[in-house]
Structure formats: C-alpha cells, structure tokens
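Working notes for the structure below.
The values are calculated or read from the model by the stated rules, or taken from the named source; none is laboratory data. Note that the coordinates shown come from a computational prediction; the quantities given were computed from them, not determined experimentally. Don't worry about glycine lacking a Cβ; one is built from the backbone with ideal geometry, like all the others, and counts go over all protein chains shown. Calculation scope for accessible area: heavy atoms of the full protein, side chains included, ligands and nucleic acids excluded. Shrake-Rupley method; radii C 1.70, N 1.55, O 1.52, S 1.80 Å.
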Amino acid sequence: MPAIAQSVMERLVTPGPLSSAHAKLESKCDSCHSSFRKEAQNGRCLSCHKGVANDIRTKTKLHGKFSPARTGACKSCHSDHRGRANTLIVLNQASFNHAYTDFALTGAHQRAKCSSCHRGNDYRGRPRDCAGCHGPFDPHKGQLGRSCQNCHNTSAWKQVQGFNHAATGFPLTGAHRTKTCMSCHAGQRWKNLSGTCVSCHARDDAHRGSRGTNCASCHSTATWQAASFDHASTGFPLVGGHAGAACAQCHGAGNANKHPSRTCVACHARDDSHKGANGTDCGNCHNPRSWKQTNFDHNTMTSFPLKGAHRAVVCEGCHKQSPKVAKPPTTCIGCHAKDDSHKGGNGLDCARCHQVSSWKTVNFNHNTMTNFALAGKHAAVRCEGCHTKPPNELKLSAQCSSCHAKQDPHAGKLGSDCARCHNAESWTQGVRFDHGLTRFPLLGKHAALTCAGCHADKSFVSKGTTCAACHPDTRHNGTLGNPAQCQSCHNTTDWKVWRFDHDTQSRFALTGGHKGLVCSACHARPGDPAKLGNQCVDCHRKHDPHRGGFGDDCARCHTTTSFSEILIGRPRPRT
C-alpha cells in the first residue's frame, strides 16, 4: 500500500525500501526530502526528531556535543533506503566516547556492556537516575526514594558513603560511624525508628533496665563499655578515690541498689577503725582523696588548737577513747602527768614554764612571773638548784637564809636579811653593808677596817657602841669617867689627836692657871668627871694655908691667874 501511494517518478528514483523505523513514510517522500534541495534535508530530519534538534541547539547530549553530529548531514551517520532490516544507527560500541553524552561513565558503569542499559537501538531517552536502571534491584523497595546517589556510588553499589545521617535528626558519632546500615535498619526498616539507645542496645544492657532507658547519661557512642555519667547531677559528685570506683562497688551488681546511702559509713563501715565510736559523720575527718588521710581541722573545729609538737602527734596519741565517749583533757598535766618530773609539786599549769614546741624547753620568766627576779649567779642556777625538795616546791621563801643557811658563817645571829651585806654576784665578795644604817656609823679609821677587825668571831653580835667596848681605858684608868666617854676628847680620825673644850663641854670653864694643866692634874682618881666639884677647895684643900678658917669660897680672895694674888678691897671677877 505505501508503494502504491508513490508517484511514478518517485518509484523510479527511489534507491530502495526504507528501514522499518521509517516504513510509514514510504509514500511520503517529502517528509524527508525537498525536491532538488539536498541542503534542506537536515531540516526535514530535525523537524521530526525535535529532541535531536534541541540537543544541537543547546549543544547538549551527543548531537550537541559531538561536532560532526552537530554540523554534518544526518545521513552521514543515519543512511536509509537499505531495506526494512537496515538499522539507522551505525555505532561502534567499542570506540564510542560516552563522555559526549550527558551521562559520563564512572566506576562500575565503565565496565558494563552497552546492552546492559541500551537494549536494541534504544540509545536515546534512557533514564539517568539510578532507579531508572536499578529500580528493580532496590532492596529498599523504594522506601528511601529514587536518589540512590545519596548513599551509593558507581564504584560499588554495596558500598554506602556520603549519606548525611545528621539530616535525619540522628547524627552518627563515635562507634556508630563504622556500623553498617543494616546494624540498625534490620529488615529494611527505614522509617519511624526510635532514637533511644535502648531501642538498639537493650540486649547489651548489663543493668537489665534497672537504670532506665537513658543510656546516654552514662554511656557514649565512643565505646559502650566506657561510662561517662556525670555523678554530680545526683547531688553526690565523685571526687578523689570515689572517681575511680566502679559503679558496682556502690550500686551492686546489676544496679541492685539504685539509691545507696550517701553517708560514708554506709560503704566504709568495715574500714572504720573507730568501730563507730566517733559517730557516722566520717567527713569531719576523712576525705575522698584517701581514707587514711585526715583533714580534721583541730584548730577551728575544737577549743584546743594544735601547736608545736602537738601537730605531729597521731589522733590516738591523745584520744585513747573516742571523743564521743571521753574527751581528753585540755590541761598539760592531763596528758603529761607521767612526764612531770616535779611530781605535781609545781602545780598543774605546766604552760607557765614549758612550751608546745618542746617539752624540755623551758621559757619560764622568773623575773616577771615571780616576785624574786633572778640576778647574778642566780640566773645560771637550774630550777632544781633551789627547788630541791621532792616534790619540787613551787613557792620558796625569798629570804637568802632559806637557801643559804648552811653557808651563813654568822650562824643566823645577824638575822635573815643577808642582802643587807651580800649580793647575788658573789656570796663572799663584794660585801656592801652600809654601817651607817646602824647606830654606829663608820667614820675615820673605822671606815677602813674589815668586819673582822671589830667582829672577830663573825657573830657580829654588837659589843656596844662605846669606845671602851673595843678600846679598853688603859691610859686613864677610868679617871675621866667609867664607863669612859672617850669621844669627849678623842675622834676616829686619829686616836692620839684629841680635843676637849672644857669651857663648853663641862660646868667648869678653865681660866687662868687652870688652862695649862693636864687632865690628870685634876682627874687623878677613877670616877665620873661630872661628879668632880667645881669649888676651889675640892682640888686645893690641901693647899689651903687657912686650914678652912675662911670657909670654902676661896674665890672671894684668890683668882685662877695666881693663887697668891689677893683680891680683897678690889672688885671680884664674876667668875
């Protein structure tokens, strides 16, 4: 029938039957040919093959990218009129450069046969998306859409890479990154999966659900076995030794004890060397860094701050019993009674002498803390030098004789106030007794005498303050008084130099011939000079030529200038 439609001329000039693809145009030569115009033939082809025309115009795909196809005659590649079995597409598959198409061959596509994608002569219009070819082989059954390239690549279909899992709301971190998709999406389940750890790791839960479903509060994606639970969120932060403890040490196997007690003794009762005697608040002394390391602040938490050697003493050194049972004394003697060499004799206030830096170091200030300052040799004497009686007497007499009675050569006869003569620098030297404080001040030659010069037996018992007590009257034999009043004439400067003023020191002024007389001329007999008479006859009776005939008042006639001179008839001297 198509052949009948041809004109006679057309039948005469036709080179042969058209290919099966163009058979329907057998009777329509002008569909492809313009009479006597070969140059118009390409236009005829492109008028039907609009897609190819678009490729050339846009320079895409094979006909747009391959220059001979874009500029050459269509018939140079697609020759027709060679019979119904003739193929219009003449393609050398072995040498064809697929890069001239819009689908460059990469990866496994480079090894694929053309027929794997192009069945028959189906070279144009093949799908470029993965699902177009691989849809029938999609194990996901289309659940993940047609954009296979989001996960797969042409190198290996089974190798998944490049998928941004974070876009799903569940970013892959840690060990999740190395897991295969099927590890979580078993059975091709891609939608409505839970994002909780326990949904996948329930079989790995060593706690068997006892700690809830929020595994992330302890575990991380880095490794399931490494727990990073912030225990501080429970109100019980793990510090020191607690930080290294395994969960089961406090919570038991399988978290049997979900909420263990927070008291120290709940876990450490077996470590309590006090056996509960100090109560249950272990934190007052111990700390989590080390159970054996205590941080009890004795200075601020008690009324007995630790100083000096006390700081190095272990608790048991003072606390023989628990403080809850019996508190140790705070007095020195309470702990150091056995060290008291004074056996209690010095009282209980040890701190007056001893100090906490060293028990043997004594810092008692005898000068300011007692009424007996240590001076001279006293300063070098040990405590026991004076405090000798056991137990050591705390209070001693301040009198010298209380310690030095055995050294007293005076046998106590001078009293107990040794300091009147002696001093602390030297007992035997530097005696500085002020004799002026006695009834007998030392003047003249007395000042140069040693004590033994007068006190020969060291008893220092006073012999009296009269001269005669030391100087017997061997010269006057008592004629100038008994006891003699030597000081009336003599002085301490020189015994031999004497001066008695008879005019002022007696009732008998010396006048006339009396002035030249020696004392013994009148004071010839022992006795009190004050008892001598002051009448002339008392001394001159034996010289009275009148034999007492004129009475005893010789001065009526005689004078002391000359006994033989008579004053009768002349005024009498007043004396």
Residue check for VAL198: over 30 Å from GLN321 (Cα atoms), in a helix (DSSP H, G or I) and among the β-branched types (Val, Ile, Thr): yes
Quick one: in region 225-236, which of the residues that are open to solvent by 70 Å² or more (accessible area, probe 1.4 Å) and outside any helix (DSSP H, G or I) is farthest from CYS264 (Cα to Cα)? GLN225
Pick from SER397, SER426, SER459, SER416: which is outside any helix (DSSP H, G or I) and touching a His at 6+ places or on another chain (Cβ under 7 Å)? SER459
Residue satisfying all of: in region 420-448; surrounded by 13 or more Cβ atoms within 10 Å (Cβ to Cβ) and among the hydrophobic types (A, V, I, L, M, F, W, C); nearest to THR492 (Cα to Cα) among these: LEU442
Please tell me if HIS490 is more than 60 Å from the chain's Cα centre (by Cα), open to solvent by less than 50 Å² (accessible area, probe 1.4 Å) and modelled with pLDDT of 80 or more. yes
List pairs: first in region 501-524 and more than 19 Å from ASN491 (Cβ to Cβ) and in contact (Cβ under 8 Å) with a residue 40 or more places away in the chain, second open to solvent by 50 Å² or more (accessible area, probe 1.4 Å) and not charged (D, E, K, R), Cβ under 7 Å, 6+ apart or cross-chain? THR511/THR560; THR511/THR575; GLY512/THR560; GLY512/THR561; GLY513/THR560; GLY513/THR561; HIS514/THR560
Do we find that GLY276 is closer than 19 Å to VAL325 by Cβ and open to solvent by less than 70 Å² (accessible area, probe 1.4 Å) in this structure? yes
Take the conditions touching a residue at least 12 places away in the same chain (Cβ under 8 Å), of a type in the set (A, V, I, L, M, F, W, C) and open to solvent by 70 Å² or more (accessible area, probe 1.4 Å) and apply them to ALA175. Does it pass? no
Of these, HIS455, HIS476, which one is open to solvent by less than 80 Å² (accessible area, probe 1.4 Å) and under 29 Å from ALA521 (Cβ atoms)? HIS476
Would you check if there is a residue in region 333-353 being under 20 Å from ASN299 (Cβ atoms), of a type in the set (Val, Ile, Thr) and surrounded by 14 or more Cβ atoms within 10 Å (Cβ to Cβ)? no
So for region 467-474 (the condition being at pLDDT 80 or above and among the polar types (S, T, N, Q)), does at least one residue qualify? no
Yes or no: region 496-512 includes at least one residue that is over 60 Å from the mean Cα position of the chain (by Cα), open to solvent by less than 80 Å² (accessible area, probe 1.4 Å), hydroxyl-bearing (Ser, Thr, Tyr) and over 28 Å from LYS445 (Cα atoms). yes
Region 412-436, residues that are among the β-branched types (Val, Ile, Thr) and over 14 Å from PHE460 (Cβ atoms): THR428
Could you check how many residues of region 57-104 are in a helix (DSSP H, G or I), open to solvent by 40 Å² or more (accessible area, probe 1.4 Å) and either closer than 30 Å to GLU26 by Cα or touching a Lys or Arg at 6+ places or on another chain (Cβ under 6 Å) (or both)? 10
Going by what's in this entry, would SER35 be described as over 17 Å from LEU88 (Cα atoms), open to solvent by less than 70 Å² (accessible area, probe 1.4 Å) and of a type in the set (S, T, N, Q)? no
Among (1) over 24 Å from PRO288 (Cβ atoms); (2) modelled with pLDDT of 85 or more - the single one ARG208 does not satisfy: (2)
